[in-house]
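Everything below concerns the one structure shown next.
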Amino acid sequence: MLLTAENEESEFRGDGKNLLGIGIIKQSKANTLEVVKAARAEMERIKQNLPAGTTIEPGYDSSLFIAESIKEVYNTLAIAMALVVVVIFLFLGNIRATFIPAITVPVALVAAVTVLFALDFSVNLLTLLAMVLAIGLVVDDSIVVLENIYRRIELGEHPLVASYRGAREVGFAVVATTLVLISVFVPLVFMQGQLGKLFTEFALAIAAAVAFSSVTALTLSPMLCSKLLTHQKRESKLGLWLHAAFHKLEAAYRRQLDVVCATRWPVMIVVALCFVASYLLVKILPSELAPTEDRGTFFVMMSPAEGASYASNSRNMRLIEDVLMPYYHNGEFNRLLVRVPGWGNSGGIAIVGSENWHNGKRRTEELMTEVGQKLNQIPDVRAFTFMRSGLGGGGGGGRPIQFVLQGNTYEELARWRDIVISKASENPNILMLDHDYKETVPQVLVDINTERAGDLGISVGAIGRALEAMLGGRRVTTFLDRGKEYDVIIEGLDDDFRAPGKITNVYIRSETSGDLIPLDNLVTLREEATSSSLNRYNRMRAITLTASMAPGYSLGEALEYLENIVQTEIQDTVGIDYKGQSLLFQESGSSTLMVFILALVITYLVLAAQFESFVHPLVILITVPLGLVGALSGLHFTGMTLNIYSQIGLVMLIGLVAKNGILIVEFANQLRDAGVEFAAAVKQAATQRLRPIVMTAFTTAMSSIPLIIASGPGSESRMVIGMVIFSGVALATLMTIYVVPVTYMVIARNTGSPKRLEQKLHQLEREAPDEHAADEVHPS
């Protein structure tokens, strides 16, 4: 929007000086960074032709946060790759062996980026976050293959033979874990609304990386093992020490497994307690749409009084500017823009560019809180601070709480509104409570005495037309003059008719007698106050309550508090709905729950098809609550919330914790196929798969550490999902190595693998009599 000096009812100031402003808004499908780059190039071109003493500078640039966030994610990506490679080396103690799974990281990531390019997706914060999370996943398959081949070489097999047999031995497990991970991410594509569009790219990016990592693990990794690995023992002293330490760990684990498998029910009780603990943690964790990110810029919105003039709004914004300018002078922020009028129905708005992730000073949220407290001390000025959400959900003047009451009449809604506002005002954590139905606009209602008007021969329509013409103006006809048509409008003079009290000056001619009748003999005037707008939402009469939250108070807690007021204080049937961030919050909760359930169902079906059993998938999925209780405990003890990012992380955990169960169950089936006794097969499978389980858990956990310790723009969201992955995988791995063997022994004793069933079927066929041969001997 261009604000010019000719517009005497608009004002635009920057850093205390009068300015002219040009706002550039990108189209819906345009890339923000590209638009800003083009705008800056055009700005430099314009500078060359400006008059002397005139300059053009960027005022507010929303791309700064995006660009800095992407830079931080690239740094996180590099750190995660380095940590994963270090972990692999520490476990293997062999540089050449370390190279084999490490090479899968760039191969899988490049292949995933190729898929994104083919689908016309962009490299953005969510796809880059997907790449960071994928680093710990893409090496898992190669680690499983490498570890099995490495073990066989150490037992004396030739590298080529070991590579062939080792890859075949774990091939089923690699394919199974890959399909499970992909089946977990696919339901994210079906999330509804705006969040669904955002996380579709996230899900497909991880799914593509995992799919290509599986192909690499079963093709490139065995080939490299056959060429690079030899019969030579571990190269470094560290490797030898770790190898010996792991042998001791496996021996200790085997002894513990004997005890645990002998007394199975305590383990099953622990699993049941994990179910209960997960439910309780979900209930007590505060919930919100997304973590509050330090975006470096916040806004001050001023709500005008009803009917306030431009001069009044300008004066109030100058008072707000006086509060903000000292912070500008001491370097708390580097840009202050003030505009009157503001956006929408606001009287004015101030844009405060702090960019604290550059100067290392206090967080923007702390600055907002302090500024808000000072603004509340300005008499007769109603203003509040807010920071935009990265997931959208605008409206409500930037306030996250947008609670909608729906009913049949506005009078009924106003009564309900007063009850809710009265009770909500008692909560100190709900701030700046407001609504969009204010009965502050005066109006005059005209009651017509229809009986008297009928007796005098005056119709209601005639009264209406007279009031319209005298108090407002009415078009009665048109006339032509030199080929042009003009409207003929009759209206009363301002001094004589343009006021309710002047109704005594209005006369109406009777249609029966022709006499002029004073209008005040036929009507009665009533003055009332009403709202300037009568709003509807989803076709129903509605009043929207808007508010902000105090620091530390979540959106979920606020909405639950308001819902409880409606349920306990209002006896009538009240319709409740949501707008903006509140609506996105409600949609994300229901959508994520549906995605979680769908991911569980799809994972179970995929495992059932692969194992050709309905029992083995239950053994594997019993590990899910172990990961959930770990992830939720991590959020609880670190003071984080349950939000869209942590919920996506919980969905990911289904695939991450199921990997361990797949490795144990699949190898136990192989040993049973080979004729090993049931209990011995289970214990041997768990012991022999301990090393790859621990290695893959460590790589996954280490790849999430850069997210947890992240800083800079957007780090708040990355911390949450990193904490979910780290704590969920850590606890699940610690418990899975005991729970899966015990669960397998409890519920899978009478099951068999597809190979055993096939062998039994062939045996029965061999033992059955040949009916055709009998027919040949006795043709009769």
Original post:
If you take the square roots of the eigenvalues of the alpha-carbon gyration tensor of the stretch 441-530 and sort them as a ≥ b ≥ c, do you get rounded (a/c under 1.5), prolate (a/b over b/c) or oblate?
Top reply: oblate
Original post:
Which lysines have a Cα lying under 22 Å from the Cα of Lys374, excluding residues fewer than 8 positions away in the same chain?
Top reply: Lys361
Original post:
What's the center-to-center distance, using Cα atoms, between the stretch 88-115 and the stretch 593-664 in Å?
Top reply: 25
**OP:** With a ≥ b ≥ c taken as the square roots of the eigenvalues of the C-alpha gyration tensor of the stretch 628-698, please select rounded if a/c is under 1.5 and otherwise prolate if a/b is larger than b/c or oblate if it is not?
**Re:** prolate
Original post:
Projected onto the charge dipole of the chain (+1 at Lys/Arg Cβ, -1 at Asp/Glu Cβ, origin at the Cα centre), which of Ser704, Ser633, Phe386 gives the Cα projection farthest towards the positive end?
Top reply: Ser704
Original post:
What ratio of Cα Rg to 2.2 N^0.38 Å holds for the chain?
Top reply: 1.31
Original post:
On a 0 to 90 degree scale, rounded to 10, what angle separates helix 410-424 from the longest Cα axis of the chain?
Top reply: 60
Original post:
Where nothing but the Cβ of Lys and Arg (+1) and of Asp and Glu (-1) is charged, how large is the charge dipole of the stretch 512-609 around its Cα centre, in debye to the nearest 20?
Top reply: 440
Original post:
Given +1 on the Cβ of Lys and Arg, -1 on the Cβ of Asp and Glu, and no further charges, what dipole in debye does the stretch 441-530 carry about its Cα centre, rounded to the nearest 20?
Top reply: 240
Original post:
Among Phe121, Pro187, Leu734, whose Cα sits farthest toward the positive end of the charge dipole of the chain (+1 at Cβ of Lys/Arg, -1 at Cβ of Asp/Glu, about the Cα centre)?
Top reply: Leu734
Original post:
Taking the Cα centre of the chain as the origin and placing charges on Cβ (Lys, Arg +1; Asp, Glu -1), which of Ile95, Met368, Ile79 is farthest toward the positive end of the dipole?
Top reply: Ile95
**OP:** Counting other Cβ atoms within 10 Å, keep those with at most 15, restrict to DSSP loop, and tell me which GluC sites (Glu not before Pro) in the stretch 431-520 are left.
**Re:** Glu439, Glu491, Glu511
Subject >> the stretch 524-610 shape via C-alpha gyration tensor axes, a/c threshold 1.5 >> reply: prolate
**OP:** Compute the acute angle (0 to 90°) between the alpha-carbon long axis of helix 644-673 and the principal axis of greatest extent of the alpha-carbon atoms of the chain; round to the nearest 10°.
**Re:** 20
**OP:** Could you state the angle between the C-alpha long axis of helix 555-569 and the longest principal axis of the C-alpha atoms of the chain, as a value from 0 to 90 degrees rounded to the nearest 10?
**Re:** 60
Original post:
Where nothing but the Cβ of Lys and Arg (+1) and of Asp and Glu (-1) is charged, how large is the charge dipole of the chain around its Cα centre, in debye to the nearest 20?
Top reply: 3220
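No value in this document is a laboratory result; all are computed from the given coordinates. This one's a predicted model, so the numbers in the text were calculated from it and none came from an experiment. Note that each Cβ is placed from the backbone with ideal geometry, even for glycine, and that neighbours are counted across all protein chains shown.
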